[in-house]
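K.L.:
After the structure tokens below, expect a handful of questions from me.
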Amino acid sequence: MKTTIALFVYVTFSCLTGWAADADKEMNAAAEVMQTMASPHQIPSSLLNQAHCIAVIPRLTKGGFIVGGQHGSGVVSCRTASGWSAPAFITMTGGSVGLQAGAEHQDFVLLMNSQGEQELKNGHWDLGAEAAAAGPSGGTEATESTGWKAPVLSYSNSKGAFAGADVGGSKIGADQDMIHNVYGENASFQTILSGQVPPPASAQQFLSALPQTAGQ
């Protein structure tokens, strides 16, 4: 009996430790992606400062031949009255059809305006042509001339330079297993992004890398 209890405790502890390690790895990778924006090849700061929510998917994997697909995991945070919310864990999946071969890894950043924030919290995570657009690159002039009509602006980092990316056909979903294991069973995607759940200490690096200017 004692052996069984000890084994149960060991397995439970190992699972929790593994989840914590995966969560820390996810948030640290997302922080590194945000920190690369300090280079000249970055997403326009005017857009970052306006974003109501920012999602980061480090190393999204694309691959296939003729018919391809993509999958990745990451985190998203939204602005609240007291600053950025705790990171909520997400997955991003999608498919594509075209002439392609091999596989590649890219970092993706999704910027959401007020409409994108509302749709995200409501569970509308299909990134179709009307929901997401490739974000403009360059300075303020490019941003102002393009405007921000789509709920989501998408960027990918290839060879150190961020550029607008097409994520049409992709879907974002809440990683409920990771959320519950990090924040507890009572935490939900919506309560985390609304600022009702305190962030773990390991999230500070990612939260510090987010723009501090208030969204508009």
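K.L.:
Mind checking which strands (runs of 3 or more DSSP E) fall wholly inside the range 67-155 and carry at least 3 residues that are at pLDDT 85 or above, small (Gly, Ala, Ser) and under 16 Å from the mean Cα position of the chain (by Cα)?
P.N.:
Answer list for the range 67-155: 67-80.
K.L.:
Please verify whether the range 4-24 includes one or more residues that are in contact with a helix residue (DSSP H, G or I) (Cβ under 8 Å, 6 or more places away or on another chain), surrounded by 15 or more Cβ atoms within 10 Å (Cβ to Cβ) and modelled with pLDDT of 90 or more.
P.N.:
Yes: one or more hits.
K.L.:
Looking at the range 191-205, which of the residues that are loosely packed, with under 15 Cβ neighbours inside 10 Å and in a helix (DSSP H, G or I) is farthest from the chain's Cα centre (by Cα)?
P.N.:
Ala201
K.L.:
Another question, then. Collect the residues in the range 169-190 that are assigned to a helix (DSSP H, G or I) and acidic (Asp, Glu), keeping them in residue-number order. Even if it seems obvious, please write down each step before you answer.
P.N.:
At the first step, the residues of the range 169-190 found to be assigned to a helix (DSSP H, G or I) are 176-183, 189-190.
Once the filter is applied, which keeps residues that are assigned to a helix (DSSP H, G or I) and acidic (Asp, Glu), the range 169-190 yields only Asp177.
The values are calculated or read from the model by the stated rules, or taken from the named source; none is laboratory data. Note that the coordinates shown come from a computational prediction; the quantities given were computed from them, not determined experimentally. Note: ideal-geometry Cβ built from the backbone for every residue, glycine included; neighbour counts use all protein chains shown.
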